[in-house]
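Notes to accompany the following structure.
The values are calculated or read from the model by the stated rules, or taken from the named source; none is laboratory data. Everything quoted here is computed from the prediction, not taken from an experiment. Ideal geometry is used to build each Cβ from the backbone, glycine not excepted, and the neighbour counts take in all protein chains shown.
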Amino acid sequence: MASNFKRPADNYTPLYFLASLGAGGLAVTFFMYLMFWVPHPDQPVPLFGDITTAFQTGTLPMQVAIAVAVLGIAGFAILNIKTLLWNLSALSAFRNSDAYKTLTSTNGEATLLAAPLAMAMTVNALFIIGMVFVPNLWSVVEYLFPMAVLTFSLIGIWALRLIGRYLGRIFSEAGQFSLAGHNSFAQLMPAFALSMIGVGLSAPAAMSHNHITVTIAMLLSTFFAVVAVIYALFAAITAVSAMLQHGTAKEAGPTLMVIVPLMTVLGILSFRQSHGLHTSFDAHAEASDGMMFFARMLSVQIVFIALGMVVMLRQGYFKDYVFGRLTSPGSYALVCPGVALTVMIHFFLNKGLVPAGAVDQFSLTYWAVTAVALAAQIAMIALVLRLNRQHFGRSDETAVMPAE
């Protein structure tokens, strides 16, 4: 007999774009193995040729690391694209529903920014796929960089239009925004989307040798970074006020840690811009500056991870929404901080501590710090698999949907 079971994901919300975002982020964590362990002296990122050479000439541990990285990138990139396409189809149908009309008349309209956020992540993931799997990519890369700038700019225009419609509504009409319902960091979603677009634009600024491409990418990535920071500051300050009055909305608890991926994305954006300024504009920075910069970014992340964990453990979030029978699309927001922490630790170690001489590459201390990043990565892989079973799988048990 046919089952009438309805998956939680069938009760669609744009927050499911975070499932695609998380998968794309995990693909990036596997790319960190190649980025920092595979020699690539001729360009700033490892390419197909560097990877194959390292695999053929490397030790067994190197070969295992490369194999794991390549399989991880391929697997999670496919999941990222598959989930993105599902979301785009579901969002198209969702726009014709009464639920969409309700969403766009409440604070929840900000969740629509999860779409350009996930789209920007997928474009970043596609570039990683190109570097890892396409031979001789660097021979045509100067043609790809302008295409990347155009693509991210179009995603940026999409995001700005969504933000403009949202802010236009709540600032032009009284009673369009609920301060009581602002008791989380959910309203930082637009800032996260803008920063993801900005970091994509910063890649050509760091790697192109065409002065015009570098300049345009530098200026555009700066614009989106500045707007993201301004938006994040206003949204966070007003949210803290609402949380102090009403407490943190339990279902939105994971948003308390959205600052963590925001710091990673903006940190990488700044690092890429610094590299571009060095190679194209003869600006110089000391190795110790990089160490202290990433140390500050990591410190902010630790503070907000601790805050989020304290609140969510006290509210029983994990017991109910991760390990229990309740389901919340916002649970996918838990993946972003873990992924962001993983990437930030790799950058802090390899672009901060090692160049500054504080840690020797591949020393015992180096692998001890790397082990923390790997532990966070493994935990996020397990979390994604768990959430995907909860939200997209079918079972004989009826999932319990939380109240809106």
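Of note:
- Residue in the range 118-135 that is modelled with pLDDT under 95 and part of a loop (DSSP other than H, G, I, E, B) present: no
- Tally of residues being surrounded by fewer than 18 Cβ atoms within 10 Å (Cβ to Cβ), of a type in the set (Asp, Glu) and either part of a helix (DSSP H, G or I) or in contact with a helix residue (DSSP H, G or I) (Cβ under 6 Å, 6 or more places away or on another chain) (or both) across the range 27-72: 0
- Positions within the range 179-215 being among the β-branched types (Val, Ile, Thr) and out of contact with any Pro (no Cβ under 8 Å at 6 or more places or on another chain), in sequence order: Val199, Ile212, Thr215
- Residue in the range 1-16 that is nearest to Ala110 (Cα to Cα), counting only those that are modelled with pLDDT of 90 or more and aromatic (Phe, Trp, Tyr): Tyr16
- Long-range neighbours under 7 Å by Cβ, at least six apart or interchain, first residue under 16 Å from Pro61 (Cβ atoms) and without any contact (Cβ under 8 Å) to a residue 12 or more places away in the chain within the range 352-372, second of a type in the set (A, V, I, L, M) and part of a helix (DSSP H, G or I): Gln361/Val354
- Cβ pairs under 9 Å, 6+ apart, first in the range 147-163 and farther than 10 Å from Ile197 by Cβ, second crowded, with 17+ Cβ neighbours inside 10 Å and charged (D, E, K, R): Leu162/Glu109
- Residue that is surrounded by the fewest Cβ atoms within 10 Å (Cβ to Cβ) [pool: residues in the range 345-384 that are polar (S, T, N, Q) and either touching a helix residue (DSSP H, G or I) at 6+ places or on another chain (Cβ under 7 Å) or within 28 Å of Ser20 (Cβ to Cβ) (or both)]: Gln361
- Taken over the range 21-43, the criterion of being of a type outside the set (Ser, Thr, Tyr), modelled with pLDDT of 95 or more and over 22 Å from Asp360 (Cβ atoms) is satisfied by Leu21, Gly22, Ala23, Gly24, Gly25, Leu26, Ala27, Val28, Phe30, Phe31.
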